[in-house]
Amino acid sequence: MIYQNLINTYKSLCSEFYDLDKPVAPKGVLDFYINEIKRSDQPVLEPMCGTGRFLIPILEQGIDIEGADASSEMLLRCKQNSQNKNLNPVLYNQKIQDFKLPEKYGLIFIPSGSIGLITEEEEVKQCLRSLYSSLKKRGKILIEFETPVGISGDGSFENREVICRDHSVINLTTTSDFDFEKNIETIKCEYNKITDSTVTLTEVEHLKIKYHHENEFKELMEVGGFTEIEKLNIQSPEVPENNVLFRGVKV
């Protein structure tokens, strides 16, 4: 599967659930990225910006930031959330490996392990090359990824729900399995929208997440062209223990 066929994931119910379940970025993590951005050249790009939980508060800081995402539904939410704050960010509905952007950026960042949605090694390499090409000379990239450290591999089941603005409910049921040979987690997500005790809409998505060992991901970044690769510490309890953040530079 290439890039999750993301045109078929993060659809309407998923995007609505995500927006309500994760309306704001974790404060400690957001503060870290804002500090890194202020120490870097602008403009800034968030290539997997989703509903804008990082992009919007960064834009509110007066920072020149643009966003991109493969999901048109997520970008629609991002645009709506921005308009609610009288903001109008530049947003691109593009996959990373197909970037055709008019700007070159001083910093690109992908937080929260979102890079794991790209599961095929060759696709990851292609995306990193594309990100490299999108940077100015001496521009920096920040990528947070998940490692398989501490993964038990036992199948998991979870049930959660959010209350929508129209007082309906979206219920999410997930089941997952982990492939230790490929370090890929497969998650089945079933979303049910319930209005007046009746299921009015259902979406089922199969999501794959790639987990990387540190040395493995560093090698991928080197193949993508990045140098001066170093591990950074976000120093926030809001970051999962198995998440790692690398910074790289375009020469």
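No value in this document is a laboratory result; all are computed from the given coordinates. Just so you know, these numbers come straight off a predicted model, no measurement behind them. Glycine also receives a Cβ, built like all others from the backbone with ideal geometry; neighbour counts cover every protein chain displayed.
On a 0 to 90° scale, report how tilted helix 72-83 is relative to the longest principal axis of the chain, with both axes built from alpha carbons and the result rounded to the nearest 10.
Between the helix axis and the principal axis of the chain, the angle is about 80 degrees.
Quick one: what are the phi-derived ³J(HN,Hα) couplings along the stretch 115-123, Karplus 6.51/-1.76/1.60 with θ = phi - 60°, whole Hz, x for glycine and proline?
So the J values, rounded to whole Hz, are 4, x, 5, 9, 9, 8, 4, 5, 5.
Aspartates and glutamates within cross-link reach of Lys85: Cα-Cα under 14 Å, excluding same-chain residues under 8 positions apart?
Glu60
Could you tell me which GluC sites (Glu not before Pro) in the stretch 190-251 are loop residues by DSSP with no more than 14 other beta carbons within 10 angstrom of their beta carbon?
Answer in residue order: Glu238, Glu241.
Across the stretch 184-193, in residue order, what do the Karplus-derived ³J(HN,Hα) couplings come to in whole Hz, using 6.51 cos²θ - 1.76 cosθ + 1.60 with θ = phi - 60° and x for Gly and Pro?
10, 9, 10, 10, 8, 10, 10, 9, 10, 8
Remind me, relative contact order of the stretch 12-66 in percent, using alpha carbon pairs under 8 angstrom and six or more residues apart?
Contact order relative to length: 38 percent.
With just the Cα atoms defining each centre, how far is the stretch 39-91 from the stretch 183-251? Give it in Å.
Cα centroid to Cα centroid, the span is 19 Å.
Can you give me the long-range amide H partners of Gly139? Hydrogens built in the peptide plane at 1.01 Å from N, cutoff under 5 Å, separation of 5 or more residues or another chain.
The answer is Lys250.
Could you tell me how many degrees, from 0 to 90 and to the nearest 10, lie between the Cα long axis of helix 214-223 and the main elongation axis, the longest principal axis, of the Cα atoms of the chain?
In the chain, helix 214-223 runs at an angle near 60 degrees to the longest axis.
Which of Lys22/Lys100; Lys38/Lys136; Lys27/Lys188; Lys11/Lys137; Lys11/Lys104; Lys95/Lys250 have a Cα-Cα distance over 26 Å?
Lys22/Lys100; Lys27/Lys188; Lys11/Lys137; Lys11/Lys104
Pop the C-beta distance of Thr175 and Glu121 into the FRET formula with R0 = 22 Å and round what comes out to the nearest 0.05.
Result of the calculation: an efficiency of 0.25.
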